[in-house]
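For reference, the structure discussed in these notes is given below.
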Amino acid sequence: VDYLKYDSCNAFQIPLKWRYERMRNALNETGRPIFFSMCEWGQEDPANWAREYANSWRTTEDIYDAWVSFLDILDRQVEISHLGGPGGWNDPDMLEVGNGGMTTSEYEAHFALWALLKSPLLIGCDLTTMTEDTKRILMNEEIIELNQDDLGKPGVRLWQRQGEHGLYEVWVGELSGNELGVIMFNRGEETTQITVSYEELKWNGQHANVRDLYARQDLGLIAGELSFDVPSHSVKVLRVSQSHKQKSARSL
């Protein structure tokens, strides 16, 4: 056994911490590493206490394969994302990518944001019937690298704004090597230009090398700010690194 999920179904009012402590101790006594995933659906704010008991904890009720469910669960990570980190991770539930209830663009957003949040990336679709788009999303090693970065620091929502066609926002995550992962997310119903300055990103310098991770394309040296047209219900996922004009960088 490498992974154990301990749910709270039919717990019959047995105290949560008592149950999870006993399971933690039993797993530790096996003498081998076993990832302990705790699930009480976020009902008692486990992000604030569960690190003592488990390696991850569910932060909400179950996700389902719909845009509204994805957004609802994403929004509930905003206040707690900083509480995850090496040894203990927020778990906003498994991935719905490939199950058919959302568009390809929506699945790209779902996967990238879960990755930046350092969420466990558990595939939730039928592996035997995956489409090429599903494989392209789930097997994008550059997005996975955001999730598996050695620093282990979850991304945070930098800001959210109301545009003419709906909400849009920027998420940022500090990466090892003085790099940043940046996600521009358009929740609105029309293509929207999203702009974020290096000052807002707390990037030390006015130039950066930028790579588009879904396009797998180097965008070159960009000065001052990042600004892109992002289609409806879509993301622009960027990796920002030092240019030759910078010797050091500081981020969130």
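The values are calculated or read from the model by the stated rules, or taken from the named source; none is laboratory data. Keep in mind that this is a model prediction, so the values were computed, not measured. Neighbour counts run over all protein chains shown; Cβ positions are idealised from the backbone, glycine included. Note: accessible area is taken over every heavy atom of the protein model, side chains too, but ligands, DNA and RNA are not part of it. Shrake-Rupley method; radii C 1.70, N 1.55, O 1.52, S 1.80 Å.
Table for the structure above
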quantity: Qualifying position, being small (Gly, Ala, Ser) and at pLDDT below 95, among SER243, SER197; calculated: SER243
quantity: Top-ranked residue in region 71-113 [being in contact with a strand residue (DSSP E or B) (Cβ under 7 Å, 6 or more places away or on another chain) and among the charged types (D, E, K, R); ranked as farthest from GLY173 (Cα to Cα)]; calculated: ASP93
quantity: Single match in SER105, SER56, SER37 (criterion: touching a residue at least 60 places away in the same chain (Cβ under 8 Å) and touching a Gly at 6+ places or on another chain (Cβ under 8 Å)); calculated: SER56
quantity: Members of region 43-62 that are surrounded by fewer than 19 Cβ atoms within 10 Å (Cβ to Cβ) and part of a loop (DSSP other than H, G, I, E, B); calculated: GLN43, GLU44, ASP45, TRP49, GLU61, ASP62
quantity: Qualifying residues in region 115-128 (those that are in contact (Cβ under 8 Å) with a residue 24 or more places away in the chain and either touching an Asp or Glu at 6+ places or on another chain (Cβ under 9 Å) or polar (S, T, N, Q) (or both)) - the one most open to solvent (accessible area, probe 1.4 Å); calculated: LEU122
quantity: Candidate set from region 93-114 (those that are of a type in the set (Gly, Ala, Ser) and not in a loop (DSSP other than H, G, I, E, B)); member that is surrounded by the fewest Cβ atoms within 10 Å (Cβ to Cβ); calculated: SER105
quantity: Candidate set: region 195-226, residues that are acidic (Asp, Glu) and more than 22 Å from PHE111 (Cα to Cα); chosen: the one surrounded by the fewest Cβ atoms within 10 Å (Cβ to Cβ); calculated: GLU199
quantity: Unmet requirement for LYS236, which otherwise passes all of (1) surrounded by fewer than 16 Cβ atoms within 10 Å (Cβ to Cβ); (2) closer than 21 Å to TRP159 by Cβ; (3) of a type outside the set (A, V, I, L, M); (4) modelled with pLDDT of 95 or more; calculated: (1)
